[in-house]
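Have a look at the structure below before the remarks.
The values are calculated or read from the model by the stated rules, or taken from the named source; none is laboratory data. It should be emphasised that the depicted structure is a prediction, and the values quoted were computed from it without experimental measurement. Positions of Cβ are generated from backbone atoms using ideal geometry, with glycine treated the same way; all protein chains shown enter the neighbour counts. For the accessible areas, the whole protein counts, side chains as well, though only heavy atoms, and no ligand, DNA or RNA atoms are used. Shrake-Rupley method; radii C 1.70, N 1.55, O 1.52, S 1.80 Å.
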Amino acid sequence: MLSQGYNGKLSHANENALDFSMPIGTPILAARGGLVVEVVDKFSKNCTTQDCKEFNNKIIIYHDDGTFAEYTHIKRKGAKVKKGDVVEKNQFIAESGNVGWSTGPHLHFVVFIQTLKGRKTLETKFKISDDQPIQFLTEKTEYKRL
């Protein structure tokens with residue numbers, strides 16, 4: 001289920017990020033291939049306030065078009081890749097968790113371009129099924145992996 005969409009009211013103000021609710025330990029697959037540039041999976045602490053943002057576990061992948069994808073809230077020691085690894089689309093990269101600034105088990109997914117002044121987050125489209133066009137996802141809607 002897409003529990004929070006772009007510019008969501010809970011924690012996505014002015015951010016094109018998506019939260020997918022899922023049980024802890026759910027396999028996370030790379031949305032696209034690229035180079036792993038950051039892996040953090042040492043934390044186990046979580047809370048529902050921004051104070052815990054510093055405890056977010058995450059994987060960041062650089063794509064050849066200059067964008068980055070960040071997969072956040074992975075479980076402690078849940079990374080299946082390391083910095084410097086080249087990953088393929090649909091490769092198992094981590095197990096989902098409930099770590100850092102989190103109100104429940106989910107994957108926080110964001111695609112961004114790094115600028116001198118910070119990040120510019122991008123809206124992303126998804127292929128839902130073979131018989132539907134690539135599309136933006138809708139908050140509070142359930143989607144199944146192809």
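List of remarks:
- In this structure, LYS144 and ASP65 have a Cβ-Cβ separation that, at R0 = 30 Å, corresponds to a calculated FRET efficiency of about 0.65.
- Carbon/sulfur fraction of accessible area - the chain, other protein chains in place, 1.4 Å, %: 51
- Dipole size of segment 1-119 about its Cα centre, with +1 on Lys/Arg Cβ and -1 on Asp/Glu Cβ: approximately 260 debye, rounded to the nearest 20.
- Choice from ILE134, ILE61, ILE74 with maximal GNM fluctuation in the chain (Cα, 10 Å cutoff): ILE134
- Each Cα pair under 8 Å and six or more residues apart adds its separation to the average, and for the chain the resulting relative contact order is 29 percent.
- Heavy-atom accessible area per residue - the chain, 1.4 Å, Å²: 58
- Order by protection proxy (mean Cβ within 10 Å, highest first), peptides 32-42, 116-126: 32-42, 116-126
- Distance violations [Cα-Cα > 22 Å] among LYS58/LYS127; LYS77/LYS120; LYS45/LYS77; LYS53/LYS144: LYS58/LYS127; LYS77/LYS120; LYS53/LYS144
- Compactness check for segment 91-134: Cα Rg over 2.2 N^0.38 Å is 1.58.
- Under the Karplus curve 6.51 cos²θ - 1.76 cosθ + 1.60, θ = phi - 60°, whole-Hz ³J(HN,Hα) for segment 108-121, x wherever Gly or Pro sits: 9, 10, 9, 10, 8, 10, 7, 10, 4, 9, x, 9, 10, 7
- Computed E for GLN50/PHE92 - FRET, C-beta separation, R0 35 angstrom, nearest 0.05: 0.70
- Residue-wise HN-Hα coupling along segment 60-71, computed from phi with Karplus coefficients 6.51, -1.76, 1.60 (Hz; x: Gly, Pro): 10, 10, 8, 9, 5, 8, x, 8, 10, 10, 10, 10
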